[in-house]
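Note sheet for the following structure.
The values are calculated or read from the model by the stated rules, or taken from the named source; none is laboratory data. All values derive from a computational prediction rather than experimental measurement. Here Cβ is always computed from backbone atoms with ideal geometry, including for glycine, and neighbour counts include all displayed protein chains. Keep in mind that these areas ignore ligands, DNA and RNA; they rest on the heavy atoms of the full protein, side chains included. Shrake-Rupley method; radii C 1.70, N 1.55, O 1.52, S 1.80 Å.
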Amino acid sequence: MRHPSLIPLSHDHHHGLALALRCRKQALGQIKPVGVQGLEEMAKEVRDFYSKNLERHFQAEEEVLFPIISSCVPEGRQMLEDLIEEHKQIREQVGRLEEKESLAKMLFDLGALLERHIRREERELFPIFEDRVAAADAGRVRKEIETILGTRNPKSDI
């Protein structure tokens, strides 16, 4: 079970992993429609997912989660820098999906990167948070993450 503070991010991760798998399968011609039409539809799906989910997800991680982990676990800073660099790479790759050339390769590579990134956060980063962040800090993190993601219920603060 995930710490309640991380559940909204894990929920996004679940959807991100499914998208990553569809990207790779579409790139390999394993999902219909195959060919250019399927690739273009998948590229649009990825761009939509990015604008509706990943932008805020990355913001919540970079502005809330990563700083608290950095302050509590100084030895984790290199991993955080790596994750921020992967966010940058994902942003760049999503931006290039407007291009028509090598769309299959771009989707496959983006799917692979997204899966590696999510699995690292779930398997390495989140356990650090759960083990090392104080309960009071975790509660604050939860509220801030939910506010950024737009999932916070103000009535729950009463």
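Some observations on this one:
- 222 nm mean residue ellipticity, helices alone, for the chain (DSSP H n ≥ 4; -39,500 (n - 2.57); rounded to 500): -22000 deg cm²/dmol
- Within the chain: Cβ-based charge dipole about Cα centre, in debye rounded to nearest 20 (Lys, Arg +1; Asp, Glu -1): 500 debye
- From most to least packed by mean Cβ count within 10 Å, the peptides 136-146, 4-14 give 4-14, 136-146.
- Cross-link reach list, aspartates and glutamates versus residue 52, counting only Cα pairs under 12 Å and skipping chain neighbours closer than eight places: 12
- Added length on full extension, which subtracts the Cα-Cα distance from 0.36 nm per residue, residue 140 to residue 51: 29.5 nm
- Sequence-distant lysines (8 or more away, or on other chains) whose Cα lies within less than 16 Å of residue 105: 25, 44
- Here the accessible area of the stretch 16-90 is 51 percent carbon and sulfur, with a 1.4 angstrom probe and all protein chains present.
- Solvent-free Debye scattering, log10 I(q)/I(0), computed from the Cα coordinates of the chain at q = 0.13, 0.15, 0.17, 0.20 Å⁻¹: -0.63, -0.80, -0.96, -1.20
- Spatially proximal aspartates and glutamates relative to residue 100 (Cα-Cα < 13 Å; intrachain offsets below 8 disregarded): 40, 41
- Rolling a 1.4 Å probe across the protein heavy atoms gives the stretch 1-154 an accessible surface of 53 Å² per residue.
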